[in-house]
Amino acid sequence: MSYDVNAIRADFPILDRKVNGKPLVYFDNAATSQTPRCVVDDIDDTYYHTKANVHRGVHTLSQEATAAMEESRECARRFINAASTDEIIFTRGTTEALNLVASSYGSLLSPGDEIILTVMEHHSNIVPWQLLASRSGVVIKVVPCDDRGVLDLDAYRSLFTGRTRLVSVAHVSNVLGTVNPVAEMARIAHEHGAVICVDGAQAVSHLKVDVRGIGADFYAFSSHKMYGPTATGILYGRRELLEAMPPYQGGGEMIGHVSFGGTTWADLPYKFEAGTPDFVGAAALKEAIEYMERIGIDAIAAHEHELLEYATEGMLTVPGLRIYGTAPGKAAVISFLIGTAHHYDTGILLDQLGIAVRTGHHCAQPLMERFGIEGTVRASFAAYNTREEVDSFIAALRRVAAMLV
Ligand code: C6P
């Protein structure tokens, strides 16, 4: 069956709106993707008909809400090929998932233990480790990348010592689009007795993820970047690691028994889910996953790849435009600058023309430093974007170049 982008667009009412009198061209999908009607309907339906707290009530509404959240957990398990739903923890998103690992797994590390990050990490995969380092004296080492945005795997290998305990790396760079060789990095980490945590925030909506195939010990992602609701995400963790880890937060639902003499913890995954979760969002994640699966992750990836190639070719004809991130096989993210134009000014002018892109450091300041820049303009594509939108974008870039360069 051919890819019917117009049918997909019809699922996203927001794509019909105008911005500054122009049809919206939404190219800020790496920041957050839009949400199809089926996901919004699911959220509405919960609020209208089945809202009740989960895991706490014998009454029918609570049972239904609990079942919906647990079905979504099973759907997420299947989606990333985890072995058990005990290994699927609902979080507020990637940031909270990574903080959970840094705080809880990190508490098992000793002063002088080493962790390896890469220069292209999002701040969410840097700062939690820096907080850990300042608390516990672990040492952070950083894998460099080349001018295309490809990680230096020889340097990576050379960073391991007898003290290396953990590697944490983005599956896909939110700035460069580089798809990192996480399976190979996992193999190397395991050879050295270290575990690997993968930040999948930019990967799950663009490629098929198989946590066991990768050999990931932890894998984190956010629902809002994959057509799902906000404030919901997943941390996958290998059971034996999660079992050995202390709780991240304390509160309701994460306990076995509480007494002032000593408290015990709930079984997995609830040990890591303190307090009332966003059960409405958690349940709606299933709708988002099933929506992507109905289109087909491979079909989405192929469509986005075609847009990426088409856009890259067109952009390189715009006077003064330079692209940051040229790794082979990259995902559909294009960071760029035009001549000496400030990224912010370019973003404002594009917005005047109805085109939404992100500007700035993209929460990746060490990477900006690596390339000697303060920020970029970033266009990122999703399942519903079209070649016609790319044409409007290139035409707009020409106008920007004529005005600013
Ligand atoms: N990147 C972007 O515009 P949260 O905010 O928790 O959903 O995701 C954090 C995060 C972690 N890792 C990577 C690789 C990411 O890209 C992001 C979010 C957005 O690039 C917002 S800064």
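Points worth noting:
- When Trp265, Trp129 are compared by accessible area at a 1.4 angstrom probe, the order from most to least is Trp265, Trp129.
- Less than 5 angstrom separates the built amide H of Leu321 from those of Gly339, all sequence-distant by 5 or more or on a different chain.
- Nearest-10 value in Å² for the accessible area of Lys18, using the 1.4 Å probe: 130 Å²
- Taking all protein chains together and a 1.4 Å probe, the residues Ser158, Ser259, Ser223 rank Ser158, Ser259, Ser223 from largest to smallest accessible area.
- Distance-filtered residues of region 327-349 - backbone nitrogen under 14 Å, label point 7 angstrom along Leu404 Cα→Cβ: 335-349
- Full extension of the segment from Gln365 to Glu293, taken as 0.36 nm per residue of separation minus the current Cα-Cα distance, would add 22.5 nm.
- When the Cα gyration tensor is reduced to axis lengths a ≥ b ≥ c, the ratio a/c is 1.5 or higher for the chain, and with a/b not above b/c it is classed as oblate.
- Computed over protein heavy atoms with a 1.4 Å probe, the carbon and sulfur contribution to the accessible area of the chain reaches 53%.
- Net charge of Cβ neighbours under 11 Å - reference Cys75; Lys, Arg +1; Asp, Glu -1: -2
- Given charges at Cβ of Lys, Arg, Asp, Glu: the chain dipole, positive-most of Met185, Gly162, Ala332: Gly162
- Share, in percent, of DSSP beta bridges within the chain that are antiparallel, nearest 5: 60 percent
- Computed with a 1.4 Å probe on the full set of protein chains, the accessible area for Arg294 sits at about 150 Å².
- Only Lys, Arg (+1) and Asp, Glu (-1) charged, at Cβ; region 50-293 dipole about Cα centre in debye: 240 debye
- Residue-wise HN-Hα coupling along region 149-161, computed from phi with Karplus coefficients 6.51, -1.76, 1.60 (Hz; x: Gly, Pro): x, 9, 5, 8, 6, 5, 4, 4, 4, 6, 7, 6, 9
- Highest GNM mean-square fluctuation among Thr340, Thr312, Thr359, for the chain modelled with Cα contacts below 10 Å: Thr340.
- The chain - accessible surface per residue (Å², probe 1.4 Å): 41 Å²
- Summing +1 for each Lys or Arg and -1 for each Asp or Glu among the other residues whose beta-carbon sits under 12 angstrom from that of Asn180 gives -3.
- At least 27 Å along the helix axis (C-alpha) and Kyte average at least -1.0, DSSP helices within the chain: 60-80
- Judged by the gyration tensor of its Cα atoms, with axes a ≥ b ≥ c, region 200-254 is oblate; a/c meets the 1.5 cut and b/c is at least as large as a/b.
- Net charge, His362 excluded, C-beta distance under 12 Å - Lys, Arg +1, Asp, Glu -1: -1
- 3J(HN,Hα) along region 239-245, derived from phi through the Karplus expression 6.51 cos²θ - 1.76 cosθ + 1.60 where θ = phi - 60°, amounts to 3, 5, 6, 4, 5, 7, 8 Hz, with x in place of Gly and Pro.
- Comparing Tyr47, Tyr324, Tyr248 in a Gaussian network model of the chain (Cα springs below 10 Å), the most mobile by mean-square fluctuation is Tyr47.
- The calculated 222 nm mean residue ellipticity attributable to helices in the chain amounts to -11000 deg cm²/dmol, summing -39500 (n - 2.57) over DSSP H runs of n ≥ 4 and dividing by all residues.
- The count of lysine pairs in the chain with alpha-carbon distances below 17 Å, taking only pairs 8 or more places apart or on different chains, stands at 5.
- GNM result for the chain, Cα springs below 10 Å: residue of Gly106, Gly228, Gly250 fluctuating most strongly: Gly250
- Using heavy atoms of the protein chains and a probe of 1.4 Å, the accessible area assigned to Tyr219 is about 0 Å².
The values are calculated or read from the model by the stated rules, or taken from the named source; none is laboratory data. Predicted model, so just to flag it, every value in this text is computed and none were measured. Cβ sites come from the backbone with ideal geometry, for glycine too, and all protein chains shown count toward neighbours. With ligands, DNA and RNA removed, areas are computed over all heavy atoms of the protein, side chains included. Shrake-Rupley method; radii C 1.70, N 1.55, O 1.52, S 1.80 Å.
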